[in-house]
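Read the figures in this text as sums done on the coordinates, not as results from a lab. Treat the numbers as computed from the prediction; the structure is a model and nothing was measured. Ideal geometry is used to build each Cβ from the backbone, glycine not excepted, and the neighbour counts take in all protein chains shown.
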Amino acid sequence: TQLLEQSPQFLSIQEGENLTVYCNSSSVFSSLQWYRQEPGEGPVLLVTVVTGGEVKKLKRLTFQFGDARKDSSLHITAAQPGDTGLYLCAGEANAGGTSYGKLTFGQGTILTVHP
Amino acid sequence: DTEVTQTPKHLVMGMTNKKSLKCEQHMGHRAMYWYKQKAKKPPELMFVYSYEKLSINESVPSRFSPECPNSSLLNLHLHALQPEDSALYLCASSQVLAGAYNEQFFGPGTRLTVL
């Protein structure tokens with residue numbers, strides 16, 4: 001059974017601060033997705049990382065995939081109240097197969113950014 | 001069109017009622033999913049359809065009955081539910097392409113309350 005350990009579980013910070021969320025596993029993933037979910041809504045796909053060592057930037061968000069493709073991080077610079085939400089990492093283990101099937105989700109990080 | 005739609009947005013039902021949840025996507029995706037999500041937890045996979053055929057059933061109780069009438073539509077029929085089935089039910093879709101990655105696009109969900 002593959003597991004994704006996501007930390008921290010809760011994060012409460014002031015506007016303007018920086019933060020990092022981590023997802024770690026002992027398993028190799030062929031791709032890893034990051035989602036953001038607001039209360040009462042569905043998760044929204046932020047990014048997919050697929051290559052070991054890959055770094056992707058989305059405005060103030062920076063995503064990294066570990067060299068061994070077992071871990072990933074999400075860094076937010078100068079957090080804003082609009083960044084508040086549940087952040088989920090999800091990994092796909094099916095290397096070289098088709099693009100559908102079960103994702104392994106982390107437990108989520110609930111981020112609150114106070115004005 | 002990059003949207004997954006779900007109806008209804010909210011549903012309240014008694015334990016003896018029969019109701020259905022509906023999901024629609026027009027992205028040409030041939031994999032569709034049902035998830036159950038409790039508050040502040042990651043989504044839990046229930047069913048996966050690929051090319052309108054059920055490919056994964058995560059040992060879901062028979063009071064949940066999925067149906068995929070065509071490549072754009074996914075239904076979840078509910079009967080004799082229990083109060084503990086109250087949750088946010090999410091639909092998602094993804095491509096089915098060799099070599100692609102499991103990027104799932106979620107709908108906004110149906111908030112179900114069982115009385």
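Listed values, structure above:
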read-out: Single unsatisfied condition, A:ALA78 versus (1) under 18 Å from A:VAL113 (Cα atoms); (2) in a loop (DSSP other than H, G, I, E, B); (3) in contact with a strand residue (DSSP E or B) (Cβ under 9 Å, 6 or more places away or on another chain); (4) not aromatic (Phe, Trp, Tyr); value: (3)
read-out: Lone qualifier among A:ARG69, A:ARG60 - being among the charged types (D, E, K, R) and within 14 Å of chain B (Cβ to nearest Cβ); value: A:ARG69
read-out: Filter result for B:SER94 (hydroxyl-bearing (Ser, Thr, Tyr), farther than 13 Å from B:LYS19 by Cα and surrounded by fewer than 18 Cβ atoms within 10 Å (Cβ to Cβ)); value: no
read-out: Subset of segment B:12-35 (residues that are touching a Phe, Trp or Tyr at 6+ places or on another chain (Cβ under 9 Å) and either facing another protein chain (nearest Cβ under 9 Å) or not in a loop (DSSP other than H, G, I, E, B) (or both)); value: B:LEU21, B:CYS23, B:GLN25, B:HIS29, B:ARG30, B:ALA31, B:MET32, B:TYR33, B:TRP34, B:TYR35
read-out: Tally of residues being among the basic types (Lys, Arg) and more than 22 Å from B:ALA80 (Cβ to Cβ) across segment B:2-46; value: 4
read-out: Single residue of B:SER20, B:SER65 found to be farther than 17 Å from B:PHE106 by Cβ and either touching a residue at least 40 places away in the same chain (Cβ under 8 Å) or hydrophobic (A, V, I, L, M, F, W, C) (or both); value: B:SER20
read-out: Residues that are facing another protein chain (nearest Cβ under 7 Å) and assigned to a loop (DSSP other than H, G, I, E, B), drawn from segment B:104-115; value: B:GLN104, B:GLY107, B:PRO108, B:GLY109
read-out: Residues satisfying the stated conditions in segment A:81-115, i.e. among the aliphatic types (A, V, I, L, M), within 22 Å of B:PHE105 (Cα to Cα) and either assigned to a strand (DSSP E or B) or in contact with a Ser or Thr (Cβ under 7 Å, 6 or more places away or on another chain) (or both); value: A:LEU86, A:LEU88, A:ALA90, A:ALA93, A:ALA95, A:ILE110, A:LEU111
read-out: Qualifying position, being closer than 23 Å to B:TYR101 by Cβ and among the aromatic types (Phe, Trp, Tyr), among B:TYR49, B:TYR89; value: B:TYR49
read-out: Any hit, segment B:31-54, residues being surrounded by fewer than 18 Cβ atoms within 10 Å (Cβ to Cβ) and β-branched (Val, Ile, Thr); value: no
